[in-house]
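The values are calculated or read from the model by the stated rules, or taken from the named source; none is laboratory data. Just so you know, these numbers come straight off a predicted model, no measurement behind them. When we count neighbours, we look across all protein chains shown, and the Cβ atoms used for this are built from the backbone with ideal geometry, even at glycine.
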Amino acid sequence: MKADGGNRLSDLKNISFDLDKCQKSLSNYLESKQMSFPRFYFISNDDLLQILGSSDPKSIQGFLLSLFDNCKMLTFGKGDKQMIGMVSDESESFEFETPVKPEGKIEDWMNKIDDEMKDTLTLMAKRATFEYAKTDRLEWIRMYVGMITLLGTQIWWTFAVEDVFKLVAKGDKHAMKRELALEIKELDRLIGLVREDIDNNLRKCVNTLIVLDVHAKDVVDGFVRDSILSAK
């Protein structure tokens with residue numbers, strides 16, 4: 001009995017050693033995937049194993065909200081052989097400039113998605129900023145996703161106020177008052193738009209723009225009230 005018990009103890013120790021070895025190998029494998037695509041650190045090892053254990057690219061869909069801020073799903077095209085865009089948790093969407101093929105290791109094409117997301121949104125922001133000056137603002141707001149309109153609005157407000165200071169420096173004492181009147185007019189237009197029957201995503205965007213416009217108007221109003229003549 002003692003000999004048998006000794007053998008069992010030895011077997012258990014060997015099993016425990018092998019288990020620890022397997023666990024270490026698994027941890028090293030998962031860490032290599034996380035280092036290749038750092039967003040994998042945002043999910044548990046169990047979830048990562050589930051992703052790596054599937055050959056279906058769509059298996060990533062259920063984990064996207066953890067991997068990307070407010071991205072609920074990827075949109076697929078050409079018989080699910082390409083990923084062509086992203087959809088937010090509020091169903092707001094945009095298309096990639098260049099579709100991504102889910103080929104090779106998952107961490108490789110997920111990195112391509114990450115890069116394409118940033119490249120597309122950067123190009124979209126540049127395009128929106130360029131279009132702002134020659135497009136009616138309310139129409140412009142409807143053309144782009146909310147984050148782009150918020151960014152473009154703030155870029156153009158900064159540009160406009162800096163331009164006003166240049167006009168003031170050239171002797172146009174009423175330039176800041178004209179800017180204030182223009183901002184009040186644009187704010188009134190936004191208030192009029194939010195009272196219309198518009199979809200929820202546009203309403204959220206306009207509500208945020210109203211907050212930004214009120215703050216911007218108050219800043220310019222302070223410049224007028226305090227006779228601020230220089231951006232410095």
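For the reader, a short list of remarks on this structure follows.
- Of the residues making up the stretch 109-136, those that are crowded, with 17+ Cβ neighbours inside 10 Å and over 24 Å from Ile210 (Cα atoms) number 7.
- Residues that are acidic (Asp, Glu) and more than 17 Å from Leu151 (Cα to Cα), drawn from the stretch 188-217: Asp188, Glu196, Asp197, Asp199
- Taking the numbered list (1) surrounded by fewer than 17 Cβ atoms within 10 Å (Cβ to Cβ); (2) closer than 30 Å to Ile198 by Cβ; (3) not assigned by TED's automatic domain parsing to the domain that holds Asn200 in turn, Glu139 passes all entries but (3).
- Only one entry in Val206, Val161 is in a helix (DSSP H, G or I), modelled with pLDDT of 95 or more and over 19 Å from the mean Cα position of the chain (by Cα), namely Val161.
- Count of the stretch 143-176 residues, restricted to those that are at negative phi, surrounded by fewer than 15 Cβ atoms within 10 Å (Cβ to Cβ) and not aliphatic (A, V, I, L, M), is 10.
- Within the option set Lys24, Lys72, being free of Cβ contacts under 8 Å to residues at least 40 places away in the same chain, part of a strand (DSSP E or B) and of a type outside the set (Val, Ile, Thr) holds for one residue only, Lys72.
- Answer residue from the stretch 15-47, given it is hydrophobic (A, V, I, L, M, F, W, C) and under 22 Å from the mean Cα position of the chain (by Cα) and is nearest to Ile106 (Cα to Cα) among those: Phe37
Yes/no per residue for (1) surrounded by 11 or more Cβ atoms within 10 Å (Cβ to Cβ); (2) modelled with pLDDT of 80 or more:
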residue	(1), (2)
Ser10	no, no
Asn14	no, no
Cys22	no, yes
Leu26	yes, yes
Gln34	yes, yes
Phe42	yes, yes
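- Scanning the stretch 190-232 for residues that are touching a residue at least 40 places away in the same chain (Cβ under 8 Å), within 22 Å of Ser88 (Cβ to Cβ) and either in contact with a Gly (Cβ under 6 Å, 6 or more places away or on another chain) or β-branched (Val, Ile, Thr) (or both) yields a count of 3.
- Which numbered condition Pro99 misses (of (1) at pLDDT 95 or above; (2) buried (at least 18 other Cβ atoms within 10 Å of the Cβ); (3) in the same structural domain as Ser59 (by TED's automatic domain parsing); (4) not charged (D, E, K, R)): (2)
- The residues on offer are Ser91, Ser54, and the sole one that is exposed (fewer than 15 other Cβ atoms within 10 Å of the Cβ), of a type outside the set (Asp, Glu) and touching a residue at least 60 places away in the same chain (Cβ under 8 Å) is Ser91.
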